[in-house]
1. Could you please find all residues in segment B:62-88 being under 22 Å from B:LEU12 (Cβ atoms), within 13 Å of another protein chain (Cβ to nearest Cβ) and not aliphatic (A, V, I, L, M)?
2. Does B:GLY527 satisfy the criteria of being outside any strand (DSSP E or B) and modelled with pLDDT of 90 or more?
3. Scan segment B:250-269 and report the pairs whose first residue is over 21 Å from B:LYS337 (Cβ atoms) and whose second residue is in a helix (DSSP H, G or I) and aromatic (Phe, Trp, Tyr), with Cβ atoms within less than 7 Å and a gap of 6+ or a chain change.
4. Going by what's in this entry, would B:GLY168 be described as away from chain A (no Cβ under 12 Å), buried (at least 24 other Cβ atoms within 10 Å of the Cβ) and within 17 Å of the chain's Cα centre (by Cα)?
5. So for segment B:394-412 (the condition being at the interface with another protein chain (Cβ under 8 Å from one of its Cβ atoms), under 22 Å from B:LEU508 (Cα atoms), crowded, with 16+ Cβ neighbours inside 10 Å and touching a strand residue (DSSP E or B) at 6+ places or on another chain (Cβ under 8 Å)), does at least one residue qualify?
6. May I ask you to list the residues in segment B:554-568 that are without any contact (Cβ under 8 Å) to a residue 40 or more places away in the chain and not in a loop (DSSP other than H, G, I, E, B)?
7. Please state which one of B:ALA325, B:ALA330 is over 28 Å from the mean Cα position of the chain (by Cα), outside any loop (DSSP other than H, G, I, E, B) and more than 10 Å from chain A (Cβ to nearest Cβ).
8. Within segment B:419-444, track down each residue that is in a loop (DSSP other than H, G, I, E, B) and surrounded by 12 or more Cβ atoms within 10 Å (Cβ to Cβ).
Amino acid sequence: MTRKQRRLVLIGGGLAVLAVAVALMLDAFRDSIVFFNSPSDVVEKHVDPGTRIRLGGLVKDGSLVRGNNLSIRFEVTDGKTEIPVAYQGVLPDLFREGQGVVAEGALDGGGVFNADTILAKHDETYMPKEVADALKKSGHWKDDYAQRAAMPVGGGNK
Amino acid sequence: MIPELGQYALMLALGLALIQGTMPILGTRSNDPVLISIAAPAAIAQFAFVAMAFTALAVCYVTSDFSVLNVYENSNSQMPLIYRLTSIWGNHEGSMMLWVSILAFFGALVAVFGTNLPVVLKANALAVQAWIAAAFHLFILTTSNPFVRIPDAPFEGRDLNPILQDPGLAFHPPMLYLGYVGFSIAFSFAIAALLEGRIDAAWARWVRPWALGAWMCLTLGIAGGSYWAYYELGWGGFWFWDPVENASLMPWLAGTALLHSAVVMEKRGALKVWTILLAILTFSLSLIGTFLVRSGVLTSVHAFATDPTRGTFILGILVVFIGGALALYAWRAPLLKQGGLFAPISREGALVFNNLFLTTACATVFVGTLYPLALQALTGDEISVGPPYFNATFGPLFIPLMAVMPFGPLMGWKRGDLVGAAQRLIAAAVLAALAVVAASALERGGPVLAPFGVGIAVFVMAGAVTDIAERTLILRVPFRVALRRALGLPRSAWGTAYAHFGIGVMLLGIVAVTAWGSERIAEIKIGDSLDIAHYRLTFDGIFNRAGPNYRDVVGRFTVRRMNGELIGTMEPSRRTFPSRNMATTEAALMTRGVSQLYLSLGDPTKDGIVPVRLYFKPQVLMIWLGAAFMFFGGGLSLSDRRLRVGAPRPAKAKAALQPAE
């Protein structure tokens, strides 16, 4: 093989691998992207039952009901709209009423959000960023959230 | 007094970094040996001052000086000494201090041990290192000063985030940073070579040990972080494809590619331009990782603070360094001479294959990690790209890489013999086929492809053994001869074999635990039993236990085999930290061979009912054992350095050479 041919083999091989990778990525992006929605978004955008989404907001005060066999129901609210959520399993350490939460799953036909994952928070002062943004959008952002969210994990007032 | 000293030392370090960054460059331009010779002492002095600043911060933490805001926010006098020390870097400001300390440390190492480097290359490299240092010193002093005082010192500190009160914090961040920042040396050398416009095979020989050392630390740092998340977060996942994890994986992938392409450059003088690019990219990805983690654009355990000015500052650093480096590369790289012809089927070809797949896999991770950020900036849509994306892209790219890996070391330089290599791998292939059959027969359930994953893992491991067997001619020559050959093999050959073997071990662990792990989630009362795999756990009761700054509610479980034989007890707990009103889950682990039983408690509800999560994790320890093999292989290869460094010199001069590190 001449120098030119060898180089062509290398470049051709490189492009082939890259093409495969791009195809894989596009395919994966079509199937595995999950959009974040606030309860209001879910209603406004008419999210179809069965579509996987992330639902974020605050756990409505007084809405948490524990059933048998680790089943749990609660409502997620952004101040305007509430969506009932059903989950079965062990809740993250910092799951509390009145606090931010992100649930991943899909709506069923009856308007109940079946979550298979409740995202753990890592700190009592920490508000998931998406939730904070959604609350700001809906106008239900309170200053004390801002203060809490803006504080470093260390807390403390600067 | 101490914090002020620390801040002053950091300012002096900034000044020294500016001198170190400019004078040597001017010197190499004007050929002034005095200016050139400033580089090394400046680098050492800069490190001395950064170390002083870091020590000052450490003293504040150890003595619990709560008049310092950073200490007040992240420490507590009740905490054990080890956590008071590790909480130095358990927060944004302190972890940036650790970052620059390691950066300056590496600069000083080059200054001290780089005595055999060409003077101009060394001066330029140290100057580039100093620009990076100066940027980060400035970042700390203007946006993240750890030495800020509070006018009225509080009596007690706010404590460290309980999730970080773990021995993992002593190990994971420093190791990871040694890796991240260690690649800055390769970057600085690449930029220095481009500034000079000259590069030869020896460049790879000088850079490789630094890149290898950084790679070893990064490997251990990532593996350590993975194990920490595994036992701390309470549900037994070892890798989440979390953006922050990806941020550390990307430099690892690029760095692994760099190590391999540097071999080609060193031995054959080929792939020079590509190797330089990889050196730039690897550290650029480290910087991007720092940006992702430190700027607060991502939500994660690692996002200590969301302060927009910091994000903007680091973004500025990114743009200047990555943009500048790539622009310099585009301008200067065409000047570098190409060299070293090789056939596609050859050792070089195999290493190119390795590079191609590693960098492509790295690109898919990059796209998956940054796409949500880009989309949010462009359209405002908030999305998450989770494990399904990475499994669908990274997996298919990594599997061919693994399957081809055993062929590489068996191929000759320049022109390889594919058929010959395949013949020598027949034993490994037969072993792999047997493993597929055995895995299909022994394990019920799990994905259909899982036994093939086991097969590839066994092929990789057997391939590494084959490589050594071929080099020592074991089974073909008398054992004594083979042993002598084994002892005479270059350490780097052993290093390659160990590291490749480790990849196989890790893959085996990942496949087994993903495919055949089992999980039980249940609510149980005292006296109840839970069965998993071939074990039966009985819930004996709950008791309280006090720690230095926390209270534990501990559940006690007896573990028996199915036939009733007692194995031991497991004591998972829920740990409450009064200073933060925060609870963490402390899972209990029981190791059986390389498998583990994993048990964590939920919040006990009324009438003594406790939710528990119980997992059986088959072969899970092999994941981290594999990383340990890779680290060990890297170490062996690194200890080979003296030979390589000495290679081009006459034999007589050998005694005068500097020892490795």
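The values are calculated or read from the model by the stated rules, or taken from the named source; none is laboratory data. On a predicted model such as this, the values are computed, not experimentally measured, just so you know. Heads up, the Cβs are rebuilt from the backbone with ideal geometry, glycines too, and the neighbour counts pull from every protein chain shown.
1. If the condition is that a residue be under 22 Å from B:LEU12 (Cβ atoms), within 13 Å of another protein chain (Cβ to nearest Cβ) and not aliphatic (A, V, I, L, M), then B:ASN70 is the only one that fits.
2. Values: outside any strand (DSSP E or B): yes; modelled with pLDDT of 90 or more: yes.
When the stated conditions are applied, B:GLY527 passes them.
3. Partner pairs satisfying both residue conditions: B:MET250/B:PHE366; B:PRO251/B:TYR180; B:PRO251/B:PHE183; B:GLY255/B:PHE183; B:GLY255/B:TRP215; B:THR256/B:TRP215; B:LEU259/B:TRP215.
4. Numbers: away from chain A (no Cβ under 12 Å): yes; buried (at least 24 other Cβ atoms within 10 Å of the Cβ): no; within 17 Å of the chain's Cα centre (by Cα): yes.
Judged against the criteria, B:GLY168 is not a match.
5. No, because not a single residue in segment B:394-412 is at the interface with another protein chain (Cβ under 8 Å from one of its Cβ atoms), under 22 Å from B:LEU508 (Cα atoms), crowded, with 16+ Cβ neighbours inside 10 Å and touching a strand residue (DSSP E or B) at 6+ places or on another chain (Cβ under 8 Å).
6. Narrowing segment B:554-568 to residues without any contact (Cβ under 8 Å) to a residue 40 or more places away in the chain: B:554, B:556, B:558-568.
Selection gives B:VAL554, B:ARG556, B:THR558, B:VAL559, B:ARG560, B:ARG561, B:LEU566, B:ILE567, B:GLY568.
7. Working: B:ALA325 fails: over 28 Å from the mean Cα position of the chain (by Cα).
Residue meeting the stated conditions: B:ALA330.
8. At the first step, the residues of segment B:419-444 found to be in a loop (DSSP other than H, G, I, E, B) are B:425, B:443-444.
If the condition is that a residue be in a loop (DSSP other than H, G, I, E, B) and surrounded by 12 or more Cβ atoms within 10 Å (Cβ to Cβ), then B:LEU425, B:GLU443 are the ones that fit.
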